[in-house]
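The values are calculated or read from the model by the stated rules, or taken from the named source; none is laboratory data. Remember, it's a predicted structure, so these values are computed and weren't measured experimentally. Cβ atoms come from the backbone with ideal geometry, glycine included; neighbour counts cover every protein chain shown. SASA here: full protein model, heavy atoms, side chains in, ligands and nucleic acids out. Shrake-Rupley method; radii C 1.70, N 1.55, O 1.52, S 1.80 Å.
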Amino acid sequence: MPFYPLTRFAAIVCLLAAVATQQMITSKNYPPTRKGDQVDDYHGVKVADPYRWLEELDSAETKAWVEAQNKLSFDYLAAIPARNTLKDRITKLWNYEKYGVPFKEGDRYFYFRNSGLQNQSVLYTVTGLDAPPKMILDPNTMSSDGTVAVSGAQVSPDGKLLAYSLSASGSDWQEWKVRDVETGKDLPDHLKWVKFSGASWTDDGKGFFYSRYDEPKGDSLKDTNYFQKVYFHKLGTPQSSDLIVYEDKANPLRFHFVDTSDDERFAFLNVSERGKGKKGNALFYRDSAKPGSSFAPIVAEIGDDRFGVVGTVGDKFLVFTDHKAPNGRVLLFDPKNPAEANWKDIIAEKPEPLDIANAVGGKLFVAYLKDVTAHVYVYSLDGKLENEITLPGLGTVGGFGGRMDDKFTFYTFTTFNVPGAIYKYDIATKKSTLFRQPEIPGFKSSDYETKQIFYNSKDGTRVPMFLVHKKGLKLDG
């Protein structure tokens with residue numbers, strides 16, 4: 001979450017923007033916009049659409065119109081006397097180190113870091129939390145304008161290989177590559193025509209699952225993509241040799257993605273729909289201990305309910321869902337007794353919405369939003385509440401990822417006056433310690449405080465609100 005120090009500067013920016021907009025509205029020098037004669041007939045009702053020609057994004061006329069509009073805007077903005085002052089102040093406030101939550105694979109830890117003003121964050125690895133970092137992937141060197149981004153990154157279970165995807169200029173298309181973590185060199189593997197996919201490694205690190213479309217025959221940026229398929233890529237082989245793991249020839253608009261359990265025994269197939277107004281997903285599993293088996297359903301039909309495996313207990317699955325529980329719950333699914341009547345609630349629905357559910361280090365970590373603030377609890381895998389994690393104050397959290405054999409996990413805490421601090425939680429001692437906290441030049445979080453108050457609306461609803469102000473400020477209206 002971006003962090004913006006609270007100063008009167010923000011109000012000044014808004015005021016200047018409003019004044020600038022008003023002056024531009026009354027300007028006489030706007031480029032002319034041609035009105036066409038397009039009229040559509042909707043069941044006998046004629047509707048004029050005189051600017052339909054602007055939908056032809058690649059036409060010379062549209063490009064000329066956009067260029068003229070941009071010239072008017074940028075010439076005006078460049079002439080505002082305070083523009084450079086504002087730019088310098090915003091640049092100074094944004095120029096601070098930003099860290100991603102560390103994650104562990106094999107004997108290594110990995111994390112993203114941005115030195116302050118880098119276009120893209122850089123991926124580092126360390127052999128220990130106090131060891132010197134080693135840079136393994138810097139997307140800022142992959143384009144001159146900083147528009148090539150890392151859109152996906154997944155390290156093999158032994159920590160030796162990195163599968164990563166690059167996206168250019170905000171495109172949904174991804175190109176996946178594989179890098180040797182120790183040498184920093186890319187392997188020959190290169191996967192194209194991937195969209196809306198991650199990578200899920202097998203336990204031996206010899207390959208991974210991913211989802212892709214057939215190569216478009218026309219303009220790849222305009223064509224609609226149909227029939228996403230799940231493939232398995234074996235390292236060292238060309239993409240043309242990748243095996244189709246799953247495809248659905250009857251439903252062209254569905255998304256398919258395969259994830260794997262920590263021990264890589266189970267593969268989970270998530271299927272979702274687009275274009276039909278369905279918010280949920282179907283969920284299937286396959287047991288690698290049974291060679292040749294196909295995907296069996298946990299939930300076979302796509303509706304409005306969400307399902308996702310958050311961990312495994314032996315040969316059973318811990319599943320998050322909002323099925324018959326709008327606020328969310330965690331249940332235990334037994335493949336030997338798959339009927340819904342046999343689903344067992346591990347963490348039942350509560351009055352507050354369930355925001356995070358992860359199985360890490362032999363425990364279940366769950367976060368709820370109560371009155372717009374986070375509350376985090378630790379449960380045993382059979383649903384017994386063990387403790388609440390004491391947070392530094394009123395705010396929101398993220399993270400709590402990891403594997404079932406991890407000794408600790410990391411999480412972020414953010415509030416109105418504190419940027420995204422990262423904490424390390426020791427699962428055995430149940431203690432949190434500050435791991436990293438950004439320092440913003442000229443701003444001290446401790447000079448400000450956040451309070452939560454409540455207000456009863458006309459219908460009696462109790463509405464939570466926050467007051468953020470300098471410490472010691474007299475609240476006298």
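Observations on the structure shown:
- Relative contact order (percent, whole number), the chain, Cα cutoff 8 Å, 6+ residue spacing: 7
- Backbone geometry of the stretch 379-396 corresponds, through the Karplus equation with coefficients 6.51, -1.76 and 1.60 at θ = phi - 60°, to 3J(HN,Hα) couplings of 10, 6, 5, 9, x, 8, 5, 9, 5, 9, 7, 6, 8, x, x, 8, x, 10 Hz, x marking Gly and Pro.
- For the stretch 371-414, the spread of Cα positions along each principal axis, largest first, Å: 29, 20, 14
- Listed options for mean projected area of the Cα convex hull in nm² are (i) 29.5; (ii) 30.9; (iii) 26.3. The value calculated from this structure is the one marked (ii).
- Loop trypsin sites (Lys or Arg not before Pro), the stretch 411-477 (other Cβ atoms within 10 Å of the site Cβ: 16 or fewer; DSSP): 430, 444, 458, 471, 474
- Cross-link reach list, aspartates and glutamates versus residue 350, counting only Cα pairs under 18 Å and skipping chain neighbours closer than eight places: 305, 322, 371, 382, 386, 388
- Averaging the Cα positions of each part gives two centres, and for the stretch 119-156 and the stretch 446-466 these lie 40 Å apart.
- The GluC sites (Glu not before Pro) found in the stretch 44-75 that occupy coil by DSSP, while having at most 16 further C-beta atoms within 10 Å, are 56.
- Here is what passes the span test in the chain: the DSSP H helices with alpha carbon length of 18 Å or more along the helix axis and a Kyte-Doolittle mean of 1.0 or above are 8-25.
- GluC sites (Glu not before Pro) restricted to the stretch 202-284 and DSSP loop, no more than 16 other C-beta within 10 Å: 247, 264
- Take the chain with all the other protein chains still there, run a 1.4 Å probe, and you get 56 Å² of accessible area per residue.
- Database remark: amide H of residue 105 closer than 5 angstrom to the amide H of 110 (H placed geometrically; neighbours at sequence offset of 5 or more, or on other chains; Pro and chain starts carry no H).
- ³J(HN,Hα), Karplus 6.51/-1.76/1.60, whole Hz, each residue of the stretch 345-354, x for Gly, Pro: 5, 9, 10, 6, 4, 10, x, 9, x, 7
- Among the listed pairs 279/344; 316/336; 444/470; 177/279; 249/316, those beyond 20 Å (Cα-Cα): 279/344; 177/279; 249/316
- Within the chain, the longest run free of exposed loop sites, counting chymotrypsin sites (Phe, Trp or Tyr not before Pro) that sit outside DSSP helix and strand states (H, G, I, E, B) and have at most 13 other Cβ atoms within 10 Å, spans 227-477.
- Amide hydrogen neighbours beyond the local backbone of residue 260, cut-off 5 Å, H modeled: 268
- Relative contact order (percent, whole number), the stretch 233-330, Cα cutoff 8 Å, 6+ residue spacing: 16
- As a fraction of the 1.4 Å probe accessible area of the stretch 229-285, surface on carbon and sulfur atoms comes out at 52 percent.
- For the stretch 244-253, Karplus couplings with θ = phi - 60° (6.51, -1.76, 1.60), whole Hz, Gly/Pro x: 6, 8, 7, 8, 10, 7, 9, 10, x, 9
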